[in-house]
1. Just one of (1) open to solvent by less than 40 Å² (accessible area, probe 1.4 Å); (2) among the hydrophobic types (A, V, I, L, M, F, W, C); (3) modelled with pLDDT under 95 trips up residue 351, so point out which.
2. So, of the residues in segment 354-381 that are open to solvent by 20 Å² or more (accessible area, probe 1.4 Å) and part of a strand (DSSP E or B), which turns out to be farthest from residue 215 (Cα to Cα)?
3. Could you look through segment 24-33, keep only residues that are more than 18 Å from the chain's Cα centre (by Cα) and either surrounded by fewer than 16 Cβ atoms within 10 Å (Cβ to Cβ) or of a type outside the set (Gly, Ala, Ser) (or both), and pick out the one that is farthest from residue 397 (Cα to Cα)?
4. Might you check whether a residue that is of a type in the set (S, T, N, Q) and buried (at least 19 other Cβ atoms within 10 Å of the Cβ) occurs anywhere in segment 124-132?
5. Cβ-Cβ under 6 Å, sequence separation 6+ or interchain: first residue in segment 362-383 and free of Cβ contacts under 8 Å to residues at least 60 places away in the same chain, partner polar (S, T, N, Q) and open to solvent by 10 Å² or more (accessible area, probe 1.4 Å). Which pairs?
6. Examine segment 34-56 for a residue that is open to solvent by 70 Å² or more (accessible area, probe 1.4 Å) and farther than 22 Å from residue 172 by Cβ, and state whether such a residue exists.
7. Got a sec? Which of 343, 394 is closer than 28 Å to residue 194 by Cα, of a type outside the set (S, T, N, Q) and open to solvent by 10 Å² or more (accessible area, probe 1.4 Å)?
8. Please find, within segment 302-347, the residue that is farthest from residue 76 (Cα to Cα) out of those that are in a helix (DSSP H, G or I) and polar (S, T, N, Q).
Amino acid sequence: MNIVDRFLQYTHINTTTSREKGAAGIMPSSDGQMVLAQLIAKELEALDMKDIVLRETAILTATLPSNVPASAQIIPTVSFFAHLDTSAEQSNDTKAQVVPYNGGDICLNTEQGITLKEAEFPELANYVDDDIIVTDGTSLLGADDKAAIAAIMHALQTLKANPDILHGDVKVAFVPDEEQGLRGAKAFDVESFDADFGYTLDCCGIGEFVHENWNAGDAVITFTGQSAHPMSAKGKLKNSLLMAHQFISMLPAGEAPQYTEGREGYYWVKEMTGNSAKTVLKMDIRDFTKQGYQGRMAFLQTMSNNCAGLWGEGSVSIHLADRYENVANSLEGDASFPIDIAKEAYARNDIQMNAIPMRGGYDGAVLSQKGLPCPNIFTGAHNFHSIYEYLPVKSLQAASAVVVDVIKITAERHL
């Protein structure tokens, strides 16, 4: 099966993540994710993969056994990850189409007048004379992350069809519900998977590579006031809503998502609920450096303590929690070799690596924190979570070629 047909086959299965079921702790949160996992499992069987395990959570793992002589030096086990679900931003079934691109705009849907416009998405100009996979404008394409699944499966197919390519053990994993808090990766058993390092394939145009992202945390601040009838409130009423607003006003000006970019961290006031008696404020904290992240968390703790001193004992409490670490923390010093291997794989395919700091989380952040160093390779797709999502075919092919070369280089360095 060619890689385009493989990808299109995956898009026929609706794997929209369900926020409601996810919040209830159900995994996978949508039936389609299990259906897709079952299809992939059958394809893995057809490729004669070993140790194929599909769990009731829809976490699917398998191994391509080493084909090097038993007398050879032990080759580290490399692994590749993709997620099964698509974003809840759109839940309609995908109607994908392959369009030969000659430049200009792409009409996605004549009846509804939906057009992918080059003026709005100028990077389209990079793909003139390529075929581009798009939707009919009524759904997501699902290249996030079905392009990754297709790239990984096509790489395995390539290796099976070319037994002269020497490789060590190669492990693959497909996980659910990445789109709502990296739930699949958080449930993943890294220890039993028994790989030495890995790569996720998720997001980004051809050439992009992620080996650093946020250190991420959460803060829940509870303000407890004192209710009173307004006709006799003087000296008695302590309005927790106003306390929360005052707390927010003391946050550093300009250090919010809408004012930051690149490696600039932030405090995100995300949700506030309550009344004059009790208000709960939820915040996200993000920073690329360990020191910066720890400083932000300490700053919020100090603010909470000082406000409690100002407004009285029991008026303010804070709960701080870590969500995930920067992948770069797991790729320092001697542990940086997955980056070096990826650089060489990109170069072999004449791809200029564009290492970008990811202003968000991805499965590799959780896996790295669990002890499996896991940077991220491009899938080639653009405009994730949008009806204008598109996937250039040559970029998809390149992603799969990079996976093959990562596997080859890993073996070559130990033979």
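The values are calculated or read from the model by the stated rules, or taken from the named source; none is laboratory data. Quick caveat: nothing in here was measured; it's all calculated off a predicted structure. So basically every Cβ, Gly included, is an ideal-geometry build from the backbone, and we count neighbours across all protein chains shown. Heads up: the accessible areas ignore ligands, DNA and RNA and are worked out on the full protein's heavy atoms, side chains in. Shrake-Rupley method; radii C 1.70, N 1.55, O 1.52, S 1.80 Å.
1. All conditions are met except number (3).
2. 354
3. 24
4. no
5. Hits for this filter: 368/330.
6. So far as segment 34-56 goes, no, none of its residues is open to solvent by 70 Å² or more (accessible area, probe 1.4 Å) and farther than 22 Å from residue 172 by Cβ.
7. 343
8. Restricting to residues being in a helix (DSSP H, G or I) and polar (S, T, N, Q), the top hit is 306.
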